[in-house]
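Reading through the structure tokens given below for one structure.
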Amino acid sequence: MQPEKPGDERGSHILQERPERHQFSSPAGRPSEEAHRSAETAQPGATTYSLLTEPEEGLTAIYNLIGSATKSIDMTMYELTDSTVVNALIRAQAAGITVRVILDQNDEKTANTPAYNELSAGKVGVHWANPAYAVTHQKTITVDQAASAIMTLNLTPGDYATTRDFAVITNNAADVAAIEATFDSDFKNAAITPPTGENLVWSPTNSSAALLALINGATQSLLISQEEFSDTTIANALEAALKHGVAVTLVEENQENQYNAVLTPLKQAGAKIAVYTSTDSKAYYIHAKSVLADYGAAQAKLFLGSENFSADSLGKNRELGLIFSDAACMAGVYSALMEDLKNGTPF
């Protein structure tokens, strides 16, 4: 596995069916299953959040979300090479469902062109993302203007089996409406300051401020996973948190020691860090972007999204995440990342 370009994402560039998945026995899947159950048993009209933990759970929940559409599907995707998804979108369009797709072109036009061409031939409304952004790195699917999947993962089957990722599916009405309003503008390359709904974290508008507020607001602990970490403002905030007695734990992808300049001062300040380099075919690639603040306390909050800790990701790209407080989702992320901490290489 080759290290990725700065600001870029790892991914398979071949349109293909989802491969046979490896089987994992990690306990990280159990709290995620609880999240699914909590969504299923919620009262009608209640806001729900359902966590998907990868690679343990596979893409069934995402495929099912797409298949549940009766009116519309809107997707913004950095990289799309999953033919199961492409074919599902074409079938939905043929069945009278309005399907619109935005695909990145600044980084991933070559990878996305087969999907773009197939979708276009299938009469799907497909649009190359606004080149005004450094890249469109968002990974979101909204169905019937009623539920959205906000993901850290790309729809690239070659990565599914060995990559640590998360997704959350929510029906939060304010957040879904804000995602749709932004999609409508992005589909036309129109300027917009994205509405934040109740929980949304957008780049290039509020993501840096929102993540810094989450980190600076922690009083007990911060548990973080990141693929990229070069933003010194966030690094400084974590060092300040350590000085104030906040326990900082980080699971980081660190191929070729590319983030040592940030990780070394954090370790010296007292952070507990596990790194992954993906040189072992059995190892995860840490692609998830998450921050779990004050887990177990009443004020606990969770960030999940597409934003990396880099200047481009926070200030130049189109990105989307959310900060919310769902007990089952937080338990699932905590369980997965503690497993990754145990299995990673201490820095």
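The values are calculated or read from the model by the stated rules, or taken from the named source; none is laboratory data. The structure presented is a predicted model; accordingly, all values stated were derived computationally and were not measured. Positions of Cβ are backbone-derived with ideal geometry, glycine not excepted, and every protein chain shown enters the neighbour counts.
For the stretch 230-242, check the following and say yes or no: at least one residue is under 17 Å from the mean Cα position of the chain (by Cα) and more than 24 Å from A161 (Cβ to Cβ). No: zero hits.
Of all the numbered requirements in (1) within 30 Å of E339 (Cα to Cα); (2) touching an Asp or Glu at 6+ places or on another chain (Cβ under 8 Å); (3) crowded, with 23+ Cβ neighbours inside 10 Å, E108 misses one, and that requirement is (1). Restrict the check to the stretch 249-265 and report whether at least one residue is touching a helix residue (DSSP H, G or I) at 6+ places or on another chain (Cβ under 6 Å), closer than 27 Å to A283 by Cα and in the same structural domain as A328 (by TED's automatic domain parsing). Checked the stretch 249-265: at least one residue is touching a helix residue (DSSP H, G or I) at 6+ places or on another chain (Cβ under 6 Å), closer than 27 Å to A283 by Cα and in the same structural domain as A328 (by TED's automatic domain parsing). Considering the stretch 58-86, the residues that are under 20 Å from K188 (Cβ atoms) and among the polar types (S, T, N, Q) include one that is surrounded by the fewest Cβ atoms within 10 Å (Cβ to Cβ), namely S72. Can you give me the number of residues within the stretch 301-347 that are over 16 Å from A149 (Cα atoms) and of a type in the set (D, E)? Of the residues in that region, 3 qualify. Each residue in the stretch 300-347 was checked for being surrounded by 24 or more Cβ atoms within 10 Å (Cβ to Cβ) and over 30 Å from N189 (Cα atoms), and 7 pass. Might you check whether a residue that is in a helix (DSSP H, G or I), more than 20 Å from the chain's Cα centre (by Cα) and within 23 Å of Q93 (Cα to Cα) occurs anywhere in the stretch 185-207? Yes, the stretch 185-207 contains a residue that is in a helix (DSSP H, G or I), more than 20 Å from the chain's Cα centre (by Cα) and within 23 Å of Q93 (Cα to Cα).
Does V251 meet the test of being at pLDDT 95 or above, crowded, with 16+ Cβ neighbours inside 10 Å, out of contact with any Pro (no Cβ under 8 Å at 6 or more places or on another chain) and assigned to a strand (DSSP E or B)? So V251 passes the test. Candidates are the residues of the stretch 48-99 that are farther than 25 Å from E307 by Cβ, of a type outside the set (A, V, I, L, M) and in a loop (DSSP other than H, G, I, E, B); the one that is nearest to the chain's Cα centre (by Cα) is S68. Only one of the numbered conditions (1) in contact with an Asp or Glu (Cβ under 8 Å, 6 or more places away or on another chain); (2) assigned to a strand (DSSP E or B) is violated by V291, and that is (1). Across the stretch 217-243, the number of residues qualifying as buried (at least 23 other Cβ atoms within 10 Å of the Cβ), assigned to a loop (DSSP other than H, G, I, E, B) and not charged (D, E, K, R) comes to 1.
Count of the stretch 324-347 residues, restricted to those that are within 21 Å of N171 (Cα to Cα) and either among the aromatic types (F, W, Y) or in contact with a helix residue (DSSP H, G or I) (Cβ under 6 Å, 6 or more places away or on another chain) (or both), is 5.
Could you please let me know if L89 is crowded, with 18+ Cβ neighbours inside 10 Å and over 28 Å from E228 (Cα atoms)? Yes: the conditions hold for L89. Exactly one residue out of T219, T163, T182, T193 is out of contact with any helix residue (DSSP H, G or I) (no Cβ under 7 Å at 6 or more places or on another chain) and closer than 28 Å to E56 by Cα: that is T163.
Report, by residue number, each residue of the stretch 126-169 that is assigned to a strand (DSSP E or B), among the charged types (D, E, K, R) and over 21 Å from A181 (Cα atoms). Within the stretch 126-169, R164, D165 qualify.
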